[in-house]
Amino acid sequence: MSPNAPKTPARQIRIGDTWYDFDAAAKAMGTERAAVIRELIDWYIREPGAKLPARPDRSVIEAARTQRAKEGQE
């Protein structure tokens with residue numbers, strides 16, 4: 001095992017373009033997608049003390065979509 005190997009194996013899911021919106025939202029909250037997903041899973045399976053993660057303002061998502069649209073036109 002290499003020294004940089006993650007402690008858990010990667011999981012693969014299909015999400016679509018909202019994945020990029022999710023990335024922008026997580027970054028706006030000072031975190032990353034994986035951390036938010038873990039929090040959501042813990043809440044969903046009712047782990048003791050688990051809470052829903054905070055969400056960013058909707059304007060963050062709208063800005064991310066606008067930026068992607070501009071990049072797609074270039």
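Values quoted throughout were computed directly from the atomic coordinates according to the rules given, and no laboratory measurement underlies them. Here the structure is a predicted model, which is why all the values come from computation and not from measurement. Note: ideal-geometry Cβ built from the backbone for every residue, glycine included; neighbour counts use all protein chains shown.
Scan region 7-28 for residues that are surrounded by 10 or more Cβ atoms within 10 Å (Cβ to Cβ) and farther than 15 Å from GLU62 by Cα and the total you get is 1.
Counting the residues of region 44-74 that are in contact (Cβ under 8 Å) with a residue 12 or more places away in the chain and surrounded by fewer than 10 Cβ atoms within 10 Å (Cβ to Cβ) gives 1. Taken over region 6-35, the criterion of being of a type in the set (Val, Ile, Thr) and over 13 Å from the mean Cα position of the chain (by Cα) is satisfied by THR8 alone. Among the residues of region 27-67, those identified as of a type outside the set (Val, Ile, Thr), in contact with a helix residue (DSSP H, G or I) (Cβ under 6 Å, 6 or more places away or on another chain) and outside any loop (DSSP other than H, G, I, E, B) are ALA28, ARG33, ALA64.
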